[in-house]
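Notes for the one structure printed next.
The values are calculated or read from the model by the stated rules, or taken from the named source; none is laboratory data. Since this is a predicted model, take the numbers as computed values, not measurements. Don't worry about glycine lacking a Cβ; one is built from the backbone with ideal geometry, like all the others, and counts go over all protein chains shown. We work out accessible area using only protein heavy atoms, side chains counted, and drop any ligands, DNA or RNA first. Shrake-Rupley method; radii C 1.70, N 1.55, O 1.52, S 1.80 Å.
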Amino acid sequence: MKKDLKDGRFQTEDDGNKQDKAPSRRQFIKGLAGVSAGVASAAMLGGCANSTKDTGSAQGETSGGTGSGERPYSMYTCDTLIVGGGIAGFSAALRLMSEGVSDIIIVDKSRIGHSGNSGMSWGHEYFTNEFYEGDPTDLAGAFGLMSQGIADQDNVAAFAKECHDHGPIAMHEAMGNVVMRYEAGEILVDPKAPMSTHRGFRVRQYAQYLSKLGVRIFDYTMINDILTDDSGHISGAVGIDLLYGDACVFRCKTAVLAAGGYVWHTGGTIGSPECTGEGHIICLKHGCKMKDAEFYSVDLDVAAPWSTNGPEGNRVDIASFIFINGLTGARIYNKDLYPFAEKYFASPKATEFFGAAFQDTNIRSVQEMYAGRALDGAGIGCYTALPDRGNGIWLDCKGYYTDRTYPAAMYREECIDVREVGYDYTDQSGLGGDHNLQMCVPDFYCSQGSIEYDSNTNEIKGVPGLYYAMWIMNEIQSITSWSMGQLSGVNAATATKAMTALPGFKEEDIQAILNKCYGYLESEPANPVRVTDIFQKIQSTFYHNLSQFRNDESMTQAFTELDRIWKEDLPNMYCADRSRRFNRDWRNAMEAESMLLASMATAKAGLYRTESRPYHYRTDYPLMDMENWMVNVWVEWKEEGNTWTVTKSDPIDTYVSREEMKSMIPPFDMANPNEPY
């Protein structure tokens, strides 16, 4: 099979046809030894068409939409469809193949190996417990602490077992990635700890390896909705080739949803522009419930030199290389240059568990902001719920990467001088002395909302055959991606092998989805609203009213404006560019609805939870209420009337009881200042 690279995407001469059968499980495992040598020559697979793509023709296994008035599409079939080409998606594919399922398609919205939060050039973080000497289910208690008691402990135990038995490190090095090691050469893990966090997960190597094994990869292809049969079982998905504008239909027996989280609507994020929430919102549209939508993980990142500031301190994106986390919390100062977290980081608790230290850093920074002892940051007045106080914290970067707990090499790529843009991370404070102070401001790193799914199998409730491998409620979302992919992959494999035929679908469902997608491009409203204007309205509304500080007034104001955008602006959304080829206006139009609904879900869940809890800080309810609110908040949505239903339930506490968890979590009062004030 002759293979080549065209258009910067994965291509193959017989793209769209089923590839040669992948190796058996024994061959697959045996082949790991040689993959590091062969991965550089791995095949590049194609998008929605074959090597005749440059003619603009879309050729799949079959064609559809040939009736009068129907929109044409190419149809591709597989056993298992994976939506998302990041850590979770590739992990699911590897697990499926190890279980004997080889007919796999992976679809990704951007360039495979470089998109989403997994596509960081220096390699993403991931977690492993494969060297842990204890019971892998011990992780359930640790995640319980990270989530302030509301994690699904059964699900944590299930994916912890998968990771322990099929851990990423051996696979990771076989792919040609570099695993972090101490200077003497030992792998950087603590066998006494239930979780070790690593950096350097470069997904490009996984993409190349999987394509070599025969997995078909369709990048630059956006999935807009799923297909189901008469019983509600998953039967496929419908998408648009973003480079050429062609319609694609993917039929499958099972599917894994590994599309990451949703952060691009927040208005202040180091997350990826691909993370606009289609995976979650597709499930909401199909009647699924969503929990924990009020929570997001928050980083404190150095704003300069790449952040974008709009009028009134409206921060649109942050692309910093230096940030505050649990390992640098002892190096942070308020505007009075007081090291407000120093006492905590001198205590034994700071070294017991990384997630707790990470969270405690955020909590103590929030207390400084609430007390009015933070720097102006993004500008006074950036938060409706805290209008007269700043949000900036000093981070001393002197020796930032030379005195870390982790090896220096892990951070050198992040802490480089950026002289090409005239910025070298010299001291910002102007105070002199033996310091290098950089101002950090809050931004959203990732969402914590998740769709309701079976705790032990990851099968999404309401859509049989669809498996959840996206972010869940915990401190650092990406660390669970490998494990969630593994758990979804093994259970999808079991279900796939039990099926003898592809589930059915309705042609009218395909046409309805395509009419909506192409309708964005073809619409000519009397009162047009540009797609970019709608994006900015959503981001600005979220940033000012739903970000780190909230109250009843700000969240009500946010939902009112978002509802207005839904009813007035969205029907009048207009794409100025009418081309089907690489049209970013059109892509944004297809993303706008998901961004809008994800923001609404946050507003509704946040209004319902009347307490403060990391990372949901209400200035009208500054106390954490463990008696009434150690619960999961659920939202459901119906398109008719834009109707939302909000409920709550007790978390699953199989391994550490709610009462025991309450005794382990210290009280939190946002209005209680840090010592010595």
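General observations
- If you go through region 336-362 and keep only what is surrounded by fewer than 20 Cβ atoms within 10 Å (Cβ to Cβ) and at pLDDT 85 or above, you end up with ASP336, LEU337, TYR338, PRO339.
- Scanning region 481-530 for residues that are in a helix (DSSP H, G or I), β-branched (Val, Ile, Thr) and farther than 20 Å from ALA258 by Cβ, we see that the one that is least open to solvent (accessible area, probe 1.4 Å) is ILE510.
- The residue that is modelled with the highest pLDDT, counting only those in region 59-81 that are open to solvent by less than 40 Å² (accessible area, probe 1.4 Å) and among the small types (Gly, Ala, Ser), is SER74.
Here's the yes/no breakdown for (1) assigned to a loop (DSSP other than H, G, I, E, B); (2) under 20 Å from the mean Cα position of the chain (by Cα):
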{"residue": "PHE143", "(1), (2)": "no, yes"}
{"residue": "ASP154", "(1), (2)": "no, no"}
{"residue": "ALA157", "(1), (2)": "no, no"}
{"residue": "ALA160", "(1), (2)": "no, yes"}
{"residue": "ALA193", "(1), (2)": "yes, no"}
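- Out of ALA259, ALA184, sole residue that is assigned to a loop (DSSP other than H, G, I, E, B) and free of Cβ contacts under 8 Å to residues at least 24 places away in the same chain: ALA184
- Checking each residue in region 531-543 for being open to solvent by 30 Å² or more (accessible area, probe 1.4 Å) and under 25 Å from VAL298 (Cβ atoms) picks out GLN536, LYS537, SER540.
- Test for ARG584: is it in contact with a Gly (Cβ under 8 Å, 6 or more places away or on another chain) and open to solvent by 10 Å² or more (accessible area, probe 1.4 Å): no
- Candidates ASP219, ASP241, ASP225, ASP190 - the one that is of a type in the set (Asp, Glu) and under 30 Å from LYS161 (Cβ atoms): ASP190
- Look at (1) more than 23 Å from ILE226 (Cβ to Cβ); (2) aliphatic (A, V, I, L, M); (3) open to solvent by 20 Å² or more (accessible area, probe 1.4 Å) and you find that ALA558 fails only one, number (3).
- Pair list, Cβ under 7 Å, 6 or more apart: region 62-88 residue over 20 Å from ALA247 (Cβ atoms), other residue part of a helix (DSSP H, G or I) and at pLDDT 95 or above: ASP79/THR496; THR80/LEU96; THR80/ALA492; THR80/THR496
- Unique match (being at pLDDT below 95 and closer than 20 Å to MET473 by Cβ) among GLY268, GLY277: GLY277
- The set of residues from region 198-232 being in a strand (DSSP E or B) and open to solvent by less than 10 Å² (accessible area, probe 1.4 Å) comprises HIS198, GLY200, PHE201, ARG216, ILE217, PHE218, THR221, MET222, LEU227.
- For region 632-651, the criterion of being at pLDDT 95 or above and in contact with a Pro (Cβ under 9 Å, 6 or more places away or on another chain) is met by at least one residue.
- Condition met for VAL156 (open to solvent by less than 20 Å² (accessible area, probe 1.4 Å), more than 16 Å from LEU487 (Cα to Cα), touching a helix residue (DSSP H, G or I) at 6+ places or on another chain (Cβ under 8 Å) and of a type in the set (A, V, I, L, M)): no
- Region 592-618, subset closer than 27 Å to LYS662 by Cβ and of a type in the set (S, T, N, Q), residue surrounded by the fewest Cβ atoms within 10 Å (Cβ to Cβ): THR610
- Scanning region 531-583 for residues that are in a loop (DSSP other than H, G, I, E, B) and among the polar types (S, T, N, Q) yields SER547, GLN548, ASN551, SER579, ASN583.
- Only listed residue being without any contact (Cβ under 8 Å) to a residue 12 or more places away in the chain and within 23 Å of the chain's Cα centre (by Cα), chosen from ARG564, ARG584: ARG584
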